[in-house]
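Below: one structure, written as structure tokens.
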Amino acid sequence: MDKPIILSRSEYWDKVYACWLGKNIGGTLGAPFEGKKFVNDLNFYATPVSEAAPNDDLDFQLVWLKMLEDNGVNVKLEKLAEYWLKHLSAYPWNEYGFCQRNLRRGLLPPISGCFENYYVDEMGSPIRSEIWACIAPANPQLAASYAWKDSCLDHSGGEGMYGEMFWAAVESAAFIIKDVETLIRIGLNMIPIHSQVSRVIREALWCYRNNVRWAEARERIVHWYGHNSVCHAVQNHGFTILGLLYGRDFGDKLCKAVNCGYDTDCTGATLGSLLGILLGTKLVPEEWKKGVGEKIVLHKYTRLDNAPKTVSELTDRVSALAEKVLEMNREVKFGDYTILPENYVSLLMRNELAIGSLKNDVHSSVRSIDNYEVWLHYNGEPVIYPNVGKTLGVRVFKDNLQVEPEISLRTPPGWNVTELEGLFGQKRFLVEASDVGNINELNIEFENRRARFVILGPREAGWYPSGQNVPTCPICHGYKGHCVCNRD
């Protein structure tokens, strides 16, 4: 049995503090230039700064913090969806809006993250990686598996999912590894090698190794991986890696990433977080700290009572969660001093949990009941058409192990249900109906329990044009009907 990695509690706390501080610094640096595709020439904040800029990059993670405190560190997809609807429902932008739209229609993750969602390849989830790294320090595969659950709300099967898994793993490993190329290899080991995020990161690393100048490397990424959307994850991951590799120090690394343009608050915030973990608070320059201070500033769309008021409070609360995670896992423990076994790099390269997460079916919805987890597999789109048979699959897990209880599928009146031979570990049903509503309830019953799901009719699933957002409020510009004008 492998010896555990021992982490110094005091060093861990300092790195977590510096992570959130760096996120505020990088997000504040990049915020004024978000959406601009031109090259910038920054070497410091563009304008005088007295506090951190509000940023969804941080706010979503504050909601996950509350979810973890309320429900424990065994993360359930259904709980993530519940807290999204309660605390983040005013966010209308891109993948956020379409996740909200799907959740409102009853489509649970992971199908909520890909159905009628043009934006699965964008930056909404890679920017939420830090909390998973900080509660699973020095355990990259566990952090990446948490990130899979988070990202499948709004990026199922997309480049945004791979991006969040990559950064969660890199940031987790950075608690004990300082070599940047080793960190990049660990992150790449958690995601598919065929993904565009993997390819652009390898391109940035190739440029650096082959002495390609920063400006030329930036142009290569724009040429080969650029997208018309400034929030597309692929190009922005390349820019963040360029900043990490080409910059001389904390400030120069942040500025080189932000100077690439595009989704600058996200590239700056993510790189700032990683640099904070790598350097600790003492090595984050004082002139960068002074601008943002300690205060946490929420975005107006975030509905969250008891949010941390300061970076110190956030660090304390995240550290308390990490204690619980480490109690559950033998791989990493807290102690007075950091002690690394001889094979610690090999341990950090392990990726079974990440690969297992990637094997999950994104064309499904998941319900949690007691210690059971019920997966409804739509085997394609979550839509049934009149007089056309639809094959559905069901799997049930108890304490993370698949079980095979007696299962029945209850449908709306008048629908025909035929049990089919099992396949791919699924209990399968053929469902047919002549009368199909817009949103149709399905109930999976087993062992005196009932899990409710929905399947849409063709009028509700009329498809959505690419690049168009959900309707917004004309006053506050939040998600129409759930915006900040409507506090109920």
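The values are calculated or read from the model by the stated rules, or taken from the named source; none is laboratory data. Because the structure is predicted, anything quoted here is derived from the model rather than measured. Don't worry about glycine lacking a Cβ; one is built from the backbone with ideal geometry, like all the others, and counts go over all protein chains shown.
List of remarks:
- Residue match in the range 74-87 (condition: touching a Ser or Thr at 6+ places or on another chain (Cβ under 6 Å) and either aromatic (Phe, Trp, Tyr) or more than 25 Å from residue 221 (Cβ to Cβ) (or both)): yes
- Residue match in the range 428-438 (condition: free of Cβ contacts under 8 Å to residues at least 12 places away in the same chain, in a loop (DSSP other than H, G, I, E, B) and of a type outside the set (Val, Ile, Thr)): no
- Residue list for the range 370-386, filter: closer than 30 Å to residue 332 by Cα and of a type outside the set (Ser, Thr, Tyr): 370, 371, 373
- Residue in the range 255-268 that is in the same structural domain as residue 71 (by TED's automatic domain parsing) and either farther than 28 Å from residue 120 by Cβ or among the basic types (Lys, Arg) (or both) present: yes
- Index of the failed condition, residue 46 passing every other in (1) within 19 Å of the chain's Cα centre (by Cα); (2) surrounded by fewer than 19 Cβ atoms within 10 Å (Cβ to Cβ); (3) of a type outside the set (Ser, Thr, Tyr); (4) in a loop (DSSP other than H, G, I, E, B): (1)
- Note on the range 80-138: residues that are of a type in the set (Phe, Trp, Tyr) and assigned to a loop (DSSP other than H, G, I, E, B) amount to 5.
- Residue count, the range 323-339 (criterion: over 19 Å from residue 72 (Cα atoms), modelled with pLDDT of 95 or more and of a type outside the set (A, V, I, L, M, F, W, C)): 4
- Filtered by the rule that a residue be without any contact (Cβ under 8 Å) to a residue 40 or more places away in the chain and part of a helix (DSSP H, G or I), the range 163-180 gives 164, 168.
- Odd one out for residue 126 among (1) surrounded by 24 or more Cβ atoms within 10 Å (Cβ to Cβ); (2) more than 30 Å from residue 8 (Cα to Cα); (3) in contact with a Ser or Thr (Cβ under 8 Å, 6 or more places away or on another chain): (2)
- Listed by first and then second residue, the pairs linking a residue in the range 460-484 that is under 19 Å from residue 299 (Cβ atoms) to a residue that is of a type in the set (Val, Ile, Thr) and surrounded by 15 or more Cβ atoms within 10 Å (Cβ to Cβ), with Cβ atoms under 7 Å apart and 6 or more places separating them unless they lie on different chains, are 476/484; 478/472; 478/484; 479/470; 479/472; 480/472.
- Residues satisfying the stated conditions in the range 446-471, i.e. in a strand (DSSP E or B) and either in contact with an Asp or Glu (Cβ under 9 Å, 6 or more places away or on another chain) or under 17 Å from residue 102 (Cβ atoms) (or both): 446, 449, 451, 452, 453, 454, 455, 456
- Residue 159 farther than 22 Å from residue 62 by Cα, crowded, with 24+ Cβ neighbours inside 10 Å and modelled with pLDDT of 95 or more: yes
- The residue list 221, 277 contains one member that is buried (at least 17 other Cβ atoms within 10 Å of the Cβ) and within 28 Å of residue 13 (Cα to Cα), which is 277.
- Checked against (1) assigned by TED's automatic domain parsing to the domain that holds residue 76; (2) touching a strand residue (DSSP E or B) at 6+ places or on another chain (Cβ under 6 Å); (3) under 26 Å from residue 71 (Cα atoms), residue 322 passes all but condition (2).
- So residue 198, is it farther than 21 Å from residue 6 by Cα, in the same structural domain as residue 238 (by TED's automatic domain parsing) and surrounded by fewer than 23 Cβ atoms within 10 Å (Cβ to Cβ): yes
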